[in-house]
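Step one of this worksheet: look at the structure below.
Derivation of every value follows stated rules applied to the coordinates shown; laboratory data play no part. Keep in mind it's a predicted model, so treat the numbers as computed, not measured. Neighbour counts run over all protein chains shown; Cβ positions are idealised from the backbone, glycine included.
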């Protein structure tokens, strides 16, 4: 199977993220101490690595090598070799759900997401929900998401990515 060029050259570790030194430091420290948050908001211009950083968080949260080896966990990076890391890189991880809010922006989509959140991960430690272009969610969908962000299940991590942070509900930004 041919590998898409963007997948081949996408950063595989936090250290590979160019121009995101503060983000790299924050995420590495959280990973080293097993203190990943239940929600993240990444904002900035297109092409600055928001979705890539989100996928790296998914790998770090679910990396089997990190879970089994304290010395490796101290590096704050995914191993990129275990099953979860490989599946996430290949875009076939069932417990990593990417939603394009530009085309799935309504209340029905958020209700479906809420239903999916209730279910435990199928094979990973965490279910990771990446909502790209989150500013395009309708007000109703944003309010439905807000309830979930306020009372997340222990097995869920939410990552919102947007190019227009000012269009998000202030209550979502504060979570």
* Treating the angle as unsigned and between 0 and 90°, give the value, to the nearest 10°, between the Cα long axis of helix 107-118 and the longest Cα principal axis of the chain. => 40
* Against the longest alpha carbon principal axis of the chain, how many degrees, from 0 to 90 and to the nearest 10, is the axis of helix 139-150 turned? -> 50
* Choice from 62, 33, 104 with maximal GNM fluctuation in the chain (Cα, 10 Å cutoff) -> 33
* Taking the C-alpha atoms of segment 106-175, how large are the radius of gyration and the largest Cα-Cα span, Dmax, in Å? -> 11.9, 36
* Structure fact -> Length gained if residue 15 through residue 83 is fully extended, taking 0.36 nm per residue and subtracting the Cα-Cα distance, is 22.4 nm
* Of the labelled options (1) 21.1, 78; (2) 15.7, 53; (3) 15.6, 45, which one gives Rg and Dmax of the Cα atoms in Å as computed for this structure? -> (3)
* Asked: Relative to the longest principal axis of the chain, what angle (0 to 90°, nearest 10) does the C-alpha long axis of helix 50-62 take?
  -> 60
* Asked: Can you work out the FRET efficiency for the pair residue 140 and residue 174, with r the C-beta to C-beta distance and R0 = 22 Å, to the nearest 0.05?
  -> 0.70
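Evaluate E = 1/(1 + (r/R0)^6) for residue 90 and residue 39, where r is the Cβ-Cβ distance and R0 equals 22 Å; express this FRET efficiency to the nearest 0.05.
0.30
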